[in-house]
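Q: Structure in structure tokens, see below.
The values are calculated or read from the model by the stated rules, or taken from the named source; none is laboratory data. Fair warning: this is a prediction, and the values are worked out from it, not measured in the lab. Ideal geometry is used to build each Cβ from the backbone, glycine not excepted, and the neighbour counts take in all protein chains shown. These accessible areas exclude ligands, DNA and RNA; they are computed on the full protein's heavy atoms, side chains included. Shrake-Rupley method; radii C 1.70, N 1.55, O 1.52, S 1.80 Å.
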Amino acid sequence: MKDQHAPVARIFAGLTQVLGGKAGAGVISLVYLFLCTRFLGPRDYGVLILVHTYVTTVCGIVEFPSWQAIVRYGAEAQEGGQGERLARLLRFGARLELGGGVAALLTAVLLAPLVGPHLGWTSAVVGYAQLNSLAMLGSIRSTPAGYLQLRQRFDLLGWHNLVQPLIRLAGVLLVIAAGGGLRAFLLVWLAAGVAEFLVLWGMGLWVARAHLGPLLRLAGPIPAGAENPGLWRFLTASNIDVTLSELGPRAAPLMVGWILGPAAAGLFSVAQRGTVILAQPTQILGNTAYSELARLVAAGGGGAPLRRTLTRVIGWALAAVLPIVLLVAAFPTPIVRLIAGPAYLAAGEVMVLLVLARAIAVAGPPSSAALNALGRPALSMNVNLFISLVMLPVLPLLLLTAGFAGAGLQALLQSALATSLLLVMVWRTSSRL
């Protein structure tokens, strides 16, 4: 019985380590949000959010992260004591991801003049957005993140979570003291993204050198696909899956800004901020669960043991989020007033709907992690593809018919449908083992 609970304990131990940094990051983020929303006002704050969301959305579509392959195939290499195989896998993942990052950067720069006018950007803001495309470096860091997960260095991942908010807070304070405007805020967001990139790659390289030593540089030139069967198929499916699962939340602010204007995008961002306390731990839970579930499957526990572990993880997660849901549902207006000010009170109703959607979605990332650990990322990809095809077109319709509240309604429907389908896929797949 003790062994049955061990994977769950390790998953939540990793989650706790990462959340230590996330908790600090959340507090710091609320401070700079408090300052930004009051200093910029709904419209300029909305422009800031739209520029940042545009960059991260393009990056999410074009980039090619490799962390899931690092964790899955790296777990096999570690179990077999194959240090050279792991070193080659890391080098392969780094080249692949950095190449995708360059492609994403160029795409964001080229598309900004076409997309910007529809989001209410002036020609000057379009130029800022092109420069801020460098901020996507903050997302090009999945290879070291995957390796740190593999090595159970969730403490370093937790510390890394503080990098972006600390730089944003320091930058915001300097900008306000100097009387700067929107352009200065955009430069602060750019600096934070570049710092995220540099710090995590530095951490990953430090840990890899400590454990792999000269192998990291000297391991022979065997193609990664040759010693990791199904690597390219797995990478393609898992990346499409991640892109589709993140497309909705990333595209939603852009659609709100496109249809209702930058000020509405600012309100929507404030509503989303009220859900971050659920969204970030949920995604981290999926990431920490993945490394443990991959190890469980590699050891032959991909059937009933995986389902038991997943059930306990989701049950504990739901129990943890319930008080937060009740708090937000009971006091949406005071919460919005506290974090953003009276100019943003219209965000309260949507914030309640988004929190409910996030609570339902708690089961999503661990379920996707289970499918990836089982070597079936295509199933999770198919679910997210179906959800995107069905639910993304619903958002503009709801915005046009229900106004700003339509954004919350769409998120709630999408979350319920996606979570249900993912759970069905996990049970069907694992029951065959």
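Q: Output the number of the condition that Ala320 fails; it satisfies all remaining conditions of (1) surrounded by 14 or more Cβ atoms within 10 Å (Cβ to Cβ); (2) hydrophobic (A, V, I, L, M, F, W, C); (3) modelled with pLDDT of 80 or more.
A: Result: Ala320 passes all but (3).
Q: Let me ask you something else. What's the number of the only condition in (1) open to solvent by 30 Å² or more (accessible area, probe 1.4 Å); (2) in contact with a helix residue (DSSP H, G or I) (Cβ under 6 Å, 6 or more places away or on another chain); (3) in contact (Cβ under 8 Å) with a residue 40 or more places away in the chain that Trp232 fails to meet?
A: With (1) open to solvent by 30 Å² or more (accessible area, probe 1.4 Å); (2) in contact with a helix residue (DSSP H, G or I) (Cβ under 6 Å, 6 or more places away or on another chain); (3) in contact (Cβ under 8 Å) with a residue 40 or more places away in the chain applied to Trp232, the lone miss is (3).
Q: Now a separate question. Out of segment 375-399, which residues are farther than 18 Å from Gly230 by Cα, part of a helix (DSSP H, G or I) and aliphatic (A, V, I, L, M)?
A: If the condition is that a residue be farther than 18 Å from Gly230 by Cα, part of a helix (DSSP H, G or I) and aliphatic (A, V, I, L, M), then Val383, Leu385, Ile387, Leu389, Val390, Met391, Val394, Leu395, Leu397, Leu398, Leu399 are the ones that fit.
Q: If Leu247 satisfies every condition in (1) within 23 Å of the chain's Cα centre (by Cα); (2) modelled with pLDDT of 80 or more; (3) open to solvent by 10 Å² or more (accessible area, probe 1.4 Å) but one, which is the exception?
A: (2) is the only condition that Leu247 fails.
Q: Restricting attention to segment 383-410, which residues are in contact (Cβ under 8 Å) with a residue 12 or more places away in the chain and within 24 Å of Gln68 (Cβ to Cβ)?
A: Matches in segment 383-410: Val383, Asn384, Leu385, Phe386, Ile387, Ser388, Met391, Leu392.
Q: Further, regarding this structure: Restricting to segment 176-204, give me the number of residues that are closer than 30 Å to Gly266 by Cα and within 28 Å of the chain's Cα centre (by Cα). Working first, answer last.
A: Our first condition is that a residue be closer than 30 Å to Gly266 by Cα; within segment 176-204, this holds for 176-200.
Subsequent filtering for residues that are within 28 Å of the chain's Cα centre (by Cα) retains 182-200.
The qualifying residues number 19.
Q: What number of residues in segment 138-167 are open to solvent by 10 Å² or more (accessible area, probe 1.4 Å) and touching a Cys at 6+ places or on another chain (Cβ under 9 Å)?
A: Summing the residues that are open to solvent by 10 Å² or more (accessible area, probe 1.4 Å) and touching a Cys at 6+ places or on another chain (Cβ under 9 Å) in segment 138-167 gives 1.
Q: Between a residue in segment 189-204 that is open to solvent by 40 Å² or more (accessible area, probe 1.4 Å) and any residue that is modelled with pLDDT of 90 or more, which pairs come within a Cβ distance under 6 Å, given they are 6 or more apart or on different chains?
A: As it stands, the answer is Ala191/Ile167; Val199/Val163; Trp201/Pro144, since those pairs meet every condition given.
Q: Restricting to segment 205-216, and then to whatever is surrounded by fewer than 18 Cβ atoms within 10 Å (Cβ to Cβ) and either acidic (Asp, Glu) or in contact (Cβ under 8 Å) with a residue 40 or more places away in the chain (or both), can you tell me which residue is nearest to Ala264 (Cα to Cα)? It would help to see each step written out before you state the result.
A: Going residue by residue through segment 205-216, those that are surrounded by fewer than 18 Cβ atoms within 10 Å (Cβ to Cβ) are 205-207, 209-211, 213-214.
Next, from what is left, pick out any that are either acidic (Asp, Glu) or in contact (Cβ under 8 Å) with a residue 40 or more places away in the chain (or both): 205, 207, 211.
Numbers: Leu205: 42, Val207: 44, His211: 49 Å.
Here the residue is Leu205.
Q: I've got another one for you. Does Leu89 meet the test of being within 20 Å of Ala373 (Cα to Cα) and either open to solvent by 20 Å² or more (accessible area, probe 1.4 Å) or in contact (Cβ under 8 Å) with a residue 60 or more places away in the chain (or both)?
A: Numbers: within 20 Å of Ala373 (Cα to Cα): yes; either open to solvent by 20 Å² or more (accessible area, probe 1.4 Å) or in contact (Cβ under 8 Å) with a residue 60 or more places away in the chain (or both): yes.
Criteria met by Leu89.
Q: Ok, one more. Does any residue of segment 328-347 turn out to be over 18 Å from Ala411 (Cα atoms), under 24 Å from the mean Cα position of the chain (by Cα) and surrounded by 23 or more Cβ atoms within 10 Å (Cβ to Cβ)?
A: Checked segment 328-347: at least one residue is over 18 Å from Ala411 (Cα atoms), under 24 Å from the mean Cα position of the chain (by Cα) and surrounded by 23 or more Cβ atoms within 10 Å (Cβ to Cβ).
Q: Residue by residue through segment 94-103, note down the ones that are closer than 16 Å to Gly146 by Cβ and open to solvent by 50 Å² or more (accessible area, probe 1.4 Å).
A: Kept after step one, since they are closer than 16 Å to Gly146 by Cβ, are these residues of segment 94-103: 94-98, 100-101.
Result: Arg95, Leu98.
Residue-by-condition table, conditions (1) hydrophobic (A, V, I, L, M, F, W, C); (2) assigned to a helix (DSSP H, G or I); (3) modelled with pLDDT under 90:
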residue: Val188; (1), (2), (3): yes, yes, no
residue: Met203; (1), (2), (3): yes, yes, no
residue: Ala210; (1), (2), (3): yes, yes, yes
residue: Gly220; (1), (2), (3): no, no, yes
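Q: Right, another one. For a quick check of your reading of the model, give me the residue pairs whose first member lies in segment 329-348 and is farther than 16 Å from Leu30 by Cα and at pLDDT below 90, whose second is outside any helix (DSSP H, G or I) and open to solvent by 60 Å² or more (accessible area, probe 1.4 Å), with beta-carbon atoms closer than 6 Å and at least 6 apart or on different chains.
A: Once the first residue is farther than 16 Å from Leu30 by Cα and at pLDDT below 90 and sits in segment 329-348, no partner that is outside any helix (DSSP H, G or I) and open to solvent by 60 Å² or more (accessible area, probe 1.4 Å) comes close enough.
Q: Condition test on Thr311, is it open to solvent by 40 Å² or more (accessible area, probe 1.4 Å) and under 15 Å from Leu423 (Cα atoms)? Explain how you work it out, then say what you get.
A: Working: open to solvent by 40 Å² or more (accessible area, probe 1.4 Å): yes; under 15 Å from Leu423 (Cα atoms): yes.
Spelling it out, Thr311 is indeed open to solvent by 40 Å² or more (accessible area, probe 1.4 Å) and under 15 Å from Leu423 (Cα atoms).
Q: Would a scan of segment 176-185 turn up a residue that is aromatic (Phe, Trp, Tyr), open to solvent by 50 Å² or more (accessible area, probe 1.4 Å) and either within 20 Å of Thr53 (Cβ to Cβ) or at pLDDT below 90 (or both)? Quick ask: steps written out before the conclusion?
A: In the first step, residues of segment 176-185 are kept if they are aromatic (Phe, Trp, Tyr); the result is 185.
Next, from what is left, pick out any that are open to solvent by 50 Å² or more (accessible area, probe 1.4 Å): none.
No, the conditions are met nowhere in segment 176-185.
Q: Which residues, counting only those in segment 104-127, are over 15 Å from Thr56 (Cβ atoms) and open to solvent by less than 70 Å² (accessible area, probe 1.4 Å)?
A: We begin by selecting, within segment 104-127, every residue over 15 Å from Thr56 (Cβ atoms); these are 106, 110, 113-114, 116-118, 120-127.
Those that are over 15 Å from Thr56 (Cβ atoms) and open to solvent by less than 70 Å² (accessible area, probe 1.4 Å): Pro113, Gly116, Gly120, Trp121, Ala124, Val125, Val126, Gly127.
Q: Of everything in segment 142-174 that's of a type in the set (A, V, I, L, M) and free of Cβ contacts under 8 Å to residues at least 40 places away in the same chain, which residue is farthest from Gly60 (Cα to Cα)? Full working, then the answer.
A: Within segment 142-174, the subset of a type in the set (A, V, I, L, M) is 145, 148, 150, 156-157, 162-163, 166-167, 169-170, 172-174.
Next cut, free of Cβ contacts under 8 Å to residues at least 40 places away in the same chain only: 163, 167, 170, 174.
Numbers: Val163: 20, Ile167: 22, Ala170: 27, Leu174: 30 Å.
Here the residue is Leu174.
Q: Could you count how many residues in segment 400-427 are part of a helix (DSSP H, G or I), surrounded by fewer than 22 Cβ atoms within 10 Å (Cβ to Cβ) and not β-branched (Val, Ile, Thr)?
A: The qualifying residues number 13.
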